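Asker: To start, I am sharing the structure in question, which I have written as structure tokens.
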Amino acid sequence: MARAPHPPADGFDPAFVADVLDDALGHRGPGHGVRVYAIAGLQGSGKSTLAAQLAALARARGLRCASLSIDDFYLGRGQRRRLARRVHPLLATRGPPGTHDVALACDTLDALCAGRSARLPRFDKLADTRLPPSCWRDSGRVDLVLFEGWLLKTPPQDATALAAPINALERDEDADGRWRRWCNRALADAYPPLWSRLDRLLFLQPPGFEVVPQWRWQQECRLQASRPHHRGMTRPQLERFVQFYERVSRQALRTLPGLAERTVPLDARRRPLPA
């Protein structure tokens, strides 16, 4: 009897990781230049775990690999506060479209794909701000770039779909829809240049959005356990936090299976299901 894949807390099954790396390396295009292999999935789906396993396996095969997350390109706390004052208070919270430094992400990927070394930004989620550039690691020249993120290549919604709130956060704190319209415009206007730099997309597809709060809470508990002297989110705070992501997450669930080059359905324990 075949051994079941491990859930992301322990890592994905090695055979699955090897298959995904073969997929990444098998689509590097003419000349076998540096390519960007993207991994999309909702919060807590195991994107970072899979990217780390892929990077380790790539290095074991003698490849130079850079691993990045769209989370590393969040605007810092001060930048988001200024955005909140200028546009809408909800933009003080990281995550939704419009709270990333898309230009920095594009510049970083361009340098790596051109065969140059690049400084790799890092975001400290417990401190809720980007680390200073002096703490960024130098990539050196690489053969493969892994880029993971929860909203990669998700298209904007039609304007009519924005009218009705979908959760308590939108109903109580964005009653006029100004925040969600602004985020939707950002998704339409700011992100396509970044999406165009992603050569191939793998989508880790959850069984539904209803699993995301529990997955994200498990992720938060592991993060806090690794940094016991830093205060993380409480469960009620996390339940509210997930609502910031719900609208675009549901849009990703609707659209990414038709847009990604490869979709891998997951069960409620985040194990890949048979094709």
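The values are calculated or read from the model by the stated rules, or taken from the named source; none is laboratory data. Because the structure is a prediction, the values reported are computed rather than measured. Every residue, glycine as well, gets a Cβ built from its backbone with ideal geometry; the counts of neighbours run over all protein chains shown. Only protein heavy atoms, including side chains, enter the accessible area calculation; ligands, DNA and RNA are left aside. Shrake-Rupley method; radii C 1.70, N 1.55, O 1.52, S 1.80 Å.
Asker: Is it the case that region 176-183 has a residue that's in contact with a helix residue (DSSP H, G or I) (Cβ under 9 Å, 6 or more places away or on another chain), over 14 Å from GLU246 (Cα atoms) and open to solvent by less than 40 Å² (accessible area, probe 1.4 Å)?
Answerer: Yes, that holds for at least one residue.
Asker: In addition: For GLY258, work out the one condition from (1) farther than 20 Å from LEU50 by Cβ; (2) open to solvent by less than 80 Å² (accessible area, probe 1.4 Å); (3) not in a helix (DSSP H, G or I) it doesn't fulfil.
Answerer: (3)
Asker: Still on this structure, please answer the following. Looking at this structure, is THR160 at pLDDT 95 or above, polar (S, T, N, Q) and open to solvent by less than 10 Å² (accessible area, probe 1.4 Å)?
Answerer: Considered against the rule, which asks whether it is at pLDDT 95 or above, polar (S, T, N, Q) and open to solvent by less than 10 Å² (accessible area, probe 1.4 Å), THR160 comes out as no.
Asker: Enumerate the helices (runs of 4 or more DSSP H) found wholly within region 44-125, keeping only those where 2 or more residues are under 17 Å from CYS183 (Cβ atoms), at pLDDT 95 or above and open to solvent by 20 Å² or more (accessible area, probe 1.4 Å).
Answerer: 77-86
Asker: Specify the residue that is modelled with the lowest pLDDT; the eligible residues are those in region 219-255 that are of a type in the set (Ser, Thr, Tyr) and closer than 19 Å to THR49 by Cβ.
Answerer: Among them, the one singled out is SER226.
Asker: I'm trying to understand the selection: among the residues of region 199-214, which are of a type outside the set (Val, Ile, Thr) and surrounded by 15 or more Cβ atoms within 10 Å (Cβ to Cβ)?
Answerer: Of everything in region 199-214, those that are of a type outside the set (Val, Ile, Thr) and surrounded by 15 or more Cβ atoms within 10 Å (Cβ to Cβ) turn out to be ASP199, ARG200, LEU201, LEU202, PHE203, LEU204, GLN205, PRO206, PHE209, PRO213.
Asker: Any idea which of (1) surrounded by 16 or more Cβ atoms within 10 Å (Cβ to Cβ); (2) hydrophobic (A, V, I, L, M, F, W, C); (3) within 22 Å of ALA161 (Cα to Cα) is the one ALA188 doesn't satisfy?
Answerer: Of the numbered conditions (1) surrounded by 16 or more Cβ atoms within 10 Å (Cβ to Cβ); (2) hydrophobic (A, V, I, L, M, F, W, C); (3) within 22 Å of ALA161 (Cα to Cα), the odd one out for ALA188 is (1).
Asker: Of the conditions (1) open to solvent by less than 10 Å² (accessible area, probe 1.4 Å); (2) farther than 22 Å from GLY44 by Cα, SER196 satisfies every one except a single condition; which number is it?
Answerer: (1)
Yes or no, residue by residue, for (1) over 19 Å from LEU126 (Cβ atoms); (2) of a type in the set (Asp, Glu); (3) touching a helix residue (DSSP H, G or I) at 6+ places or on another chain (Cβ under 7 Å); (4) touching a residue at least 40 places away in the same chain (Cβ under 8 Å):
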position: SER45; (1), (2), (3), (4): yes, no, yes, yes
position: LEU54; (1), (2), (3), (4): yes, no, yes, yes
position: GLY62; (1), (2), (3), (4): yes, no, no, no
position: TYR74; (1), (2), (3), (4): no, no, no, yes
position: GLN79; (1), (2), (3), (4): no, no, no, no
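Asker: Kindly evaluate VAL20 against the criterion of being in contact with a helix residue (DSSP H, G or I) (Cβ under 9 Å, 6 or more places away or on another chain) and modelled with pLDDT under 90.
Answerer: no
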